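Student: For reference, the structure I am asking about is given below.
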Amino acid sequence: MITDDNIYKPFRVKVESIVDESPLIKTFVLRPEHDFSFKTGEFIELTLDGIGEAPFTPSSSPLEHEKIEVTVMKTGYVTDRLHAIEAGEVLGIRGPFGRGYPLDKFYGKEVVILGGGCGFAPIRSLMYNLIAEKDKLKKVILCYGAKTPEDCIYKPFVLEIRKIDKFKVYRSVDHADETWEEKEGVVTVLLDDLDVDIQNSVAVVCGPPVMMKFGTMKLLELGYKEENIYLSMEKNMSCALGKCGHCMMGDYFVCKDGPVFSYDEIKDYPNIWM
Amino acid sequence: MKSGFHISLMGWNKFLRDQEEEYNIYVPVKKDVAIDYDLINNCSLPSIIYNTPKPVTPLKLFFLPVKENVTLESTGSVRKNVIVGTPACDLAALGILDEMYLTPPFIDSYYKMRRDNTILIGTDCYDLLEHCHCTTYGIKPYPTQNHDISLSVIDERAYIHINTDKGEAFLEGVNKVDEPVGLNEEDVELIHSKRQHTRDRLDKKNVQLPGYKETGELIKDSDDAIWEKYAKACVSCGACTAICPTCTCFLMIDRPGFEKIRQLDACQYPGFARIAAGEDHLKDLTDRFKNRYLCKYVWKAEKFDSIACTGCGRCIETCIGGIDKNELFMELASIVEAE
C-alpha cells in the first residue's frame, strides 16, 4: 500500500507507548495517521527523523489496523537512537513491503516455528495470525531460544499462548540461572524431542543468521523437505523497492522477492547466512 | 522508423541552437582528453562531434543524478532536456533502468519525470574506441531502441530519422533553417554501408571475446583463483560503477523533516551489504570485485529482459588499477577451452 505517488516518502506515526522487552529489546507501539494494514511477514521501513531508516517486520497482529507494533533490538546506528526516544515522538513509515508468510501452505499442517532472540518479533505477528486461524491448523509448536532468561522477550504473550489448545511453546536459553525452569542450550536442542509428523509439517525459522543456518540444517536432518522450510532472510534492505541493490542475494532482491523464502529457493546462492 | 530526411549539417546545428530558448540542448563536444556532453550555448558549433564514440558521461546521470532529494515536491514547470549524439550502447542501457525504475507498483516519479521530459537523439558510431564491444553483446552500433530521433552525419549532411511522436514534435520548424530533402534509396544504402562497416570492424576486433550469456556461464563455472588474481589490482574506488551506464545502486540518506536523499552508491565500497548485526557477505574485496560481474552477467541477466552490460568499455578505460574485464573473460574462456 503506497499512500503517495512518491515511493520514498514516509507517512507519520506517533509513538503511543514503549515496552521494555529485555535489556536490549524494546517494542514501540505506533499509531499511524491513517489505517494501516500488512500481511504477516511483510516488513516496513521505519524512519527516525533526520537520523536514518531501517527495516523491521511488525510484531503486532496483521488483523489490527489502528496500531502497529515494532520490536527493535539495539544493535546499530539507527536502533541505538531509536532506543533513546520517548512516547509521543513522531516517526515515519514506508511500506508494507515484500512477500510474507504463505499461510495457505500452512493449512491442514503441523507448524513448527523456530525463533531466536529478536527473531521472535515477526513470529509473534505470525502467531497472532495462526491463533486466529487455528481451526485450519493441526497444531503449532514454537521453539524459542535466547541467550539468558532475561533476554527472553514477550513473556506475557508466551503465558497466553500456552493456554491455547493446539499451541505449544518450548524455550531454551544458552546460559540458564536458578530461576530458569526450561531447557538450557542452543535453540536447536528443542528440536531433539519434537512430537511432530514431519511429513505433514512445515517449519518457519527466524533469528540471527547463525541460528537460521544451524536451525535449517537441523530441520533438514530431521527430514523436512527444503520447500517446507520458510526463512525470514536478513539483508540490508535499504530502499525496499528493488532498486538500491543493497539487499541483492543472487538474482533476488530480498526486499521485493522476500524477505520470506523457502529454503529451496535460496540454497544455491553464495553466502546466504552472512 | 517513422520517416526521414536530410539537411545541411550547418542548418541542423543552427536548428539545435535555435531550440535553446525552449530546451536544454546537450551536444557531444571534444574536451581536453575525451568527448563529453555540454550545453550547446557553451560551445562553438564546429566543436560538436557526431558519430564518434563516446561521451564520458554515461546517459544514466541525466535521469539519476549522483545526489538528489527524492522527497521534495516537484517545482511545477520543468525545462525539457534534449540529449544529442547518444551512442547506441547508452541507449540500450536505458532498457534495464526503465525496467527497474518504471515498473509498477514502485515507479520512481523523479526518474519518470526526467524520462518524460527528455528527447533523445541517438547517433551512429562510425569510429570505435579501443575497448568498444557492443556488438559482442548483441547491440548494433547505431540507434535501434529508446531514441526519439536518430542522426547520421555524412559529408556535411545530417541524415535524420524520426522514431517517435516526441521526436517529430521537436523537429517541427526544422524547415526554417534549411530545406529538408526526403531520403531516397541511395541515402538509405549509404547509411547502411557506413553502419555495416562499423559492425564489421567491431566484430573483427572482438572476435575472441565471449558473448553476454556465454560470459555469464563462464563466471558461474569459474574458480576463485582468477578473481583473486584480477582483484589484486582493485582498490575498491568504485569508478567502474560510477561510470557504468547500467550501475545505479544507491544509498538512502536521511535529512530532518523526513526528507530522503538518493545518492549513487556501489557494491565495490566496503560496507555496502553490511547489516546492523555486522554480517557482510561482501566484506572481502575479491567477493566485491566478483559481485559486480555476477550481478551484470548472471543475476540481472536472469532477472531482467534488458541487458546489464552494453559493452561500452568505460569501466576498462577508467580503472586506475588497469583491470580489463575483457582480458579476464578471455582468460576464463581459454581456461575452459584448455580443459
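Values quoted throughout were computed directly from the atomic coordinates according to the rules given, and no laboratory measurement underlies them. None of the values given here were measured: they were computed from a predicted structure. Cβ: placed from backbone, ideal geometry, glycine included. Neighbour counts: every protein chain shown.
Student: Just need a number here: residues in segment A:221-260 that are without any contact (Cβ under 8 Å) to a residue 60 or more places away in the chain and either facing another protein chain (nearest Cβ under 8 Å) or not in a helix (DSSP H, G or I) (or both).
Tutor: Here the count works out to 21.
Student: Are any of the residues in segment B:313-322 facing another protein chain (nearest Cβ under 8 Å), farther than 30 Å from residue A:79 by Cα and in contact with a helix residue (DSSP H, G or I) (Cβ under 8 Å, 6 or more places away or on another chain)?
Tutor: No - not one qualifying residue is present in segment B:313-322.
Student: Go through (1) part of a loop (DSSP other than H, G, I, E, B); (2) buried (at least 24 other Cβ atoms within 10 Å of the Cβ) one by one and return the number of the condition residue A:144 breaks.
Tutor: Of everything listed in (1) part of a loop (DSSP other than H, G, I, E, B); (2) buried (at least 24 other Cβ atoms within 10 Å of the Cβ), residue A:144 misses just condition (1).
Student: For the structure I just gave you, tell me whether residue B:244 is more than 9 Å from chain A (Cβ to nearest Cβ) and farther than 30 Å from residue A:91 by Cβ.
Tutor: On the way: more than 9 Å from chain A (Cβ to nearest Cβ): yes; farther than 30 Å from residue A:91 by Cβ: yes.
Yes, satisfied.
Student: Considering (1) closer than 23 Å to residue A:139 by Cα; (2) surrounded by fewer than 20 Cβ atoms within 10 Å (Cβ to Cβ); (3) under 21 Å from the mean Cα position of the chain (by Cα), say which one residue A:221 fails and leave the rest.
Tutor: Of (1) closer than 23 Å to residue A:139 by Cα; (2) surrounded by fewer than 20 Cβ atoms within 10 Å (Cβ to Cβ); (3) under 21 Å from the mean Cα position of the chain (by Cα), only one is false for residue A:221: (3).
Student: Scan segment A:253-261 and tell me whether some residue there is small (Gly, Ala, Ser) and in contact with a helix residue (DSSP H, G or I) (Cβ under 7 Å, 6 or more places away or on another chain).
Tutor: Among the residues of segment A:253-261, not one is small (Gly, Ala, Ser) and in contact with a helix residue (DSSP H, G or I) (Cβ under 7 Å, 6 or more places away or on another chain), which makes the answer no.
Student: Of the residues A:213, A:168, only one is surrounded by 15 or more Cβ atoms within 10 Å (Cβ to Cβ) and in a strand (DSSP E or B); which?
Tutor: Within the list A:213, A:168, the selection yields A:168.
Student: Let me ask you something else. Count, please, the residues in segment A:147-162 that happen to be crowded, with 16+ Cβ neighbours inside 10 Å and in a loop (DSSP other than H, G, I, E, B).
Tutor: The qualifying residues number 3.
Student: Exactly one of these conditions fails for residue A:92: (1) within 14 Å of chain B (Cβ to nearest Cβ); (2) in a loop (DSSP other than H, G, I, E, B). Give me its number.
Tutor: Unmet condition: (2).
Student: Can you confirm whether residue A:44 is more than 9 Å from chain B (Cβ to nearest Cβ) and either without any contact (Cβ under 8 Å) to a residue 60 or more places away in the chain or part of a strand (DSSP E or B) (or both)?
Tutor: yes
Student: Right, another one. How many of the residues in segment B:283-305 are more than 20 Å from residue B:233 (Cβ to Cβ) and either out of contact with any helix residue (DSSP H, G or I) (no Cβ under 6 Å at 6 or more places or on another chain) or away from chain A (no Cβ under 14 Å) (or both)?
Tutor: Qualifying residue count, segment B:283-305: 5.
Student: Here's another thing I want to ask about it. Among the residues of segment A:97-117, are any under 23 Å from residue B:260 (Cα atoms) and either surrounded by fewer than 22 Cβ atoms within 10 Å (Cβ to Cβ) or in contact (Cβ under 8 Å) with a residue 24 or more places away in the chain (or both)? Outline the logic, then answer.
Tutor: Residues of segment A:97-117 under 23 Å from residue B:260 (Cα atoms): A:97-98.
Adding the requirement that they be either surrounded by fewer than 22 Cβ atoms within 10 Å (Cβ to Cβ) or in contact (Cβ under 8 Å) with a residue 24 or more places away in the chain (or both) leaves A:97-98.
Scanning segment A:97-117 turns up at least one residue that is under 23 Å from residue B:260 (Cα atoms) and either surrounded by fewer than 22 Cβ atoms within 10 Å (Cβ to Cβ) or in contact (Cβ under 8 Å) with a residue 24 or more places away in the chain (or both).
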